[in-house]
Amino acid sequence: MYKSLFISTLFLLLVCSFSGQAQKFQTLTGTVIDSVTNEPLSFASVKLEQGGKLITGVQSTDDGGFKIETSTNEVYIIKIEYVGYAPKSIEINATENSVNLNLGALGLAPLSQLLETLIVTGIKPNMVTTLEKQIFDSEQFEVAKGGTAADLIKNIPSVMVNVEGEISVRGSKGFVIMVNGKPSALDQATILSQIPANTIQKVEIISVPSARYEADGRSGILNIVTKKGAMDGLSVFANMQYGLPRIKAYFNDTEPKRQGVDATVSYRKEKLELNIGVNYLQNDIAGRRVGDAFTIINDVKTIFPSEGERSFIRESYGLRTNATYNLNANNELTAGVYLGSREQYRTANIVYNNTKVDATSGEAISAFSYYNGNQVLKAGDFQVYNLDYLHKFEDQSSISVSGLMENAQLDGNTKNRNLNQFDYSDTLQYTYNTGENPLNALRLKVDYEKPIKIGVLAFGYQYRLQNQDGVFRYLERGGNNLPFVQNDAFSADIRVENRIHGLYGMYSAKFDKLEFSSGLRYEKSDRVFKDGISDDFHLDLSNFFPSANIMYSLSNDWRLKAGYSRRVQRSTNNELNPYPEREHSETLEQGDPRIKPEFIGITEVGISKDAQKLSVYMNLYHQHITDIVNRVNSVYNDTILNRIYTNAGVANLVGSELGLTWAASKKLKWFVGGNVYRLNIDGTLFENAVKVDSRGWVYSLNSNLSYKITPSLSSQFNFSYMSARNTAQGEDSRFYQPNLSVKKSFMDNKLTVGAQWQNMAFGNMGVNQQRITTFGTDFFTTTNYIQETNIVLLNLSFNFNQRDGKVKLPSSEFGEKEF
């Protein structure tokens, strides 16, 4: 039904686009770009004036393009303005002989202070502020070269990555990933680990999204913009990475391997643009874990400290292809395919030393030790197909229609074996979880934009459908050679259905030194959980999401901005599954189908300034979160904790972020960014049995020191630090990573050789390790995760006819979010 509706709509639009011709007018087209970087400038103000009076105006599109239609035989002035850039005026003499006039690429120069920094120091600024975004140039983070997007974004202020590779923005893991402006339902760590850092042009943080974006994401949106090929002809970019053997032994079963290759080929000729990208990456992690825990049941205290291996084997493959064809000046058709595969093995081979004592007297009752062999496999195969159509009307308005279909096969299992410490062939207990989780998803989207005087009016509709079937089996046996028996209480066939309808309207404009946008989004969502055992659970929601942003240029280098946006953070299907998985010997993990989504109100004010050799920005922000979701623990039995996803109450987060770039000389530049916030959580757990009252300050620091040794040889030192962070039931300790990179270019920058020294550590430094602690009245658990340090990577990159821009390669929309 939906496929037929989409095809019919597309057909009608195509018919309309070719029917009829308007009366003869002068058509002026062009592209607004940065005169230094040649990067397209989207949403630049383009005004047509005559005799000092405004005739009409438009805003440039994502690729910097614009089109203005006016009468012939007139003399006009075109004025182009963009925040942070010097305005530009051009006189146009329209005649009958120039019905269609292409003004070509119109370069805007950054303001004098910024321009001087670019020219004198030879180093571009790390960050540019626009109405909705903070834009970070990937070229400034050489320590990420040869790695992935995850390696790159952890250098950005307010972005934190912990020892488990979990990514958070402003203290929250709830943010939406976009690739080249397209929403993606990927799990953050998964998509960022599959995008090669070398293919990324810039990263955009949209902390207060407008109504044009879907309402998902507690901390807003992180948009990855990839590089593009040549303006015309063929371009190739390829990169190879190889990791040297590990330096320190972690006594793991297998040696970690780090190797990868990625390549992007682009071809553009006349009306056709074709992009193909392939990548392979194996990025293993060696490490150990040291834990301590106890439970108290009926005045018996069971203490079970543990120590052993905790390592990861991670492999991923990807093929992305995209073709854009310009049917004519007003019609564009784009099709894309993404095929991906990812496997991750996590090994945790741990020795437990259990002791039971009387909780009152401390008298020993018994002692017992055993070896736990634990392996978790997660695998996913993804197929994504998308089709987009854009039509531009003669009055400069436009309509775009897009559709996406995804099929994903998500599989996995957990093998948890408790063995005799002195004879591994002697099985004491064996639990085996299996899960098959196929997913089918559909997204349809229609957007309409119309220039109105100095601004743009936009409307849109979006439909999302996601169906996921899960077959989960929990098998166990009590000793050697005994058959597996299914635990029916932990096994089930479940189905989760999600439907979301979204409508929005918004207006954005720029007048003189003032730029603003305001909009309202409405979403109706329906979530159904079925397991064939209990009654179906429905969650129907109907909500409005207002947004507003405003920015004012006080002078040539000072800018003030403020914004508000209401957001929602929806749970993944994994967080809804109530059937436990034996994650570790000491842990059962399960979700809750009755989890409510978080609703968040985000308020932000900020100021930025670009000076001669110093640029700085600061933002103050507040998040009010209802029904905040936390992963919490309770006692299941004497040696097992039950880890549950649940709503933990109301949270308030107040913070500030600061970024500073100092170009000390032509060769030396220092960038430092910091974020500090206070998180308060108030609520109850387990049907009001446990009160939550968690309060604490959290801060993080990212710093880069870049030095150009020669024009073709450069180095960069990076340091990232995250302080201890309070949770609903405990605390995550501090975490820090220093890194060093050196890069040498050859053949006019076509060939680049680089080396990275990741997680630099000397002696007993606590680099790349973090302690996670939770506790309650009847339990305590703390685990120190110790991961590999002093990793050395070699990179080789080849660049033929590459330039900055976007490659709109598709990515998984739904499936990898559930990986």
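The values are calculated or read from the model by the stated rules, or taken from the named source; none is laboratory data. Please read these numbers as outputs of a predicted model, since none were measured by experiment. All Cβ positions, glycine included, derive from the backbone under ideal geometry; neighbour counts span all protein chains shown.
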Test each condition in (1) modelled with pLDDT under 95; (2) over 30 Å from G243 (Cα atoms); (3) among the hydrophobic types (A, V, I, L, M, F, W, C) for I303 and report the one that comes out false.
-> (1)
Could you check, for segment 312-334, whether at least one of its residues is part of a strand (DSSP E or B), over 30 Å from T264 (Cα atoms), at pLDDT below 95 and within 26 Å of the chain's Cα centre (by Cα)?
-> no
Does L701 qualify as being assigned by TED's automatic domain parsing to the domain that holds L793, without any contact (Cβ under 8 Å) to a residue 60 or more places away in the chain and in contact with a Gly (Cβ under 6 Å, 6 or more places away or on another chain)?
-> yes
Could you look through segment 731-743, keep only residues that are among the hydrophobic types (A, V, I, L, M, F, W, C) and surrounded by fewer than 21 Cβ atoms within 10 Å (Cβ to Cβ), and pick out the one that is farthest from K154 (Cα to Cα)?
-> V742
Scanning segment 657-678 for residues that are among the polar types (S, T, N, Q) and buried (at least 16 other Cβ atoms within 10 Å of the Cβ), the one modelled with the highest pLDDT turns out to be N675
One residue from Y579, Y564 being assigned by TED's automatic domain parsing to the domain that holds D526 and in contact with a helix residue (DSSP H, G or I) (Cβ under 8 Å, 6 or more places away or on another chain) | Y579
How about segment 337-377: which of its residues are among the small types (G, A, S) and not in a strand (DSSP E or B)?
-> A359, S361, G362
Taking G340, is it among the small types (G, A, S), at pLDDT below 90 and in contact with an Asp or Glu (Cβ under 8 Å, 6 or more places away or on another chain)?
-> yes
Considering segment 744-772 alone, what residues qualify as being of a type in the set (S, T, N, Q) and either surrounded by fewer than 19 Cβ atoms within 10 Å (Cβ to Cβ) or not assigned by TED's automatic domain parsing to the domain that holds V300 (or both)?
-> S745, N749, N759, N764
If you go through I177, I191, the only one that is crowded, with 23+ Cβ neighbours inside 10 Å, closer than 22 Å to D262 by Cβ and at pLDDT 75 or above is I177
Filter result for the condition that a residue is in contact with a strand residue (DSSP E or B) (Cβ under 9 Å, 6 or more places away or on another chain) and either without any contact (Cβ under 8 Å) to a residue 40 or more places away in the chain or not in a strand (DSSP E or B) (or both), over D426, D411 | D411
Scanning segment 44-60 for residues that are in a loop (DSSP other than H, G, I, E, B) and modelled with pLDDT under 75, the one surrounded by the most Cβ atoms within 10 Å (Cβ to Cβ) turns out to be G51
Could you check how many residues of segment 152-171 are within 12 Å of the chain's Cα centre (by Cα) and over 22 Å from N784 (Cβ atoms)?
-> 4
Within segment 436-454, is even one residue part of a strand (DSSP E or B), charged (D, E, K, R), under 26 Å from the mean Cα position of the chain (by Cα) and over 23 Å from D216 (Cα atoms)?
-> yes
Based on what the data block shows, is V496 part of a strand (DSSP E or B) and surrounded by fewer than 17 Cβ atoms within 10 Å (Cβ to Cβ)?
-> no
Considering only segment 388-426, state which residues are over 30 Å from Y461 (Cα atoms) and among the hydroxyl-bearing types (S, T, Y).
-> T414, Y424, S425
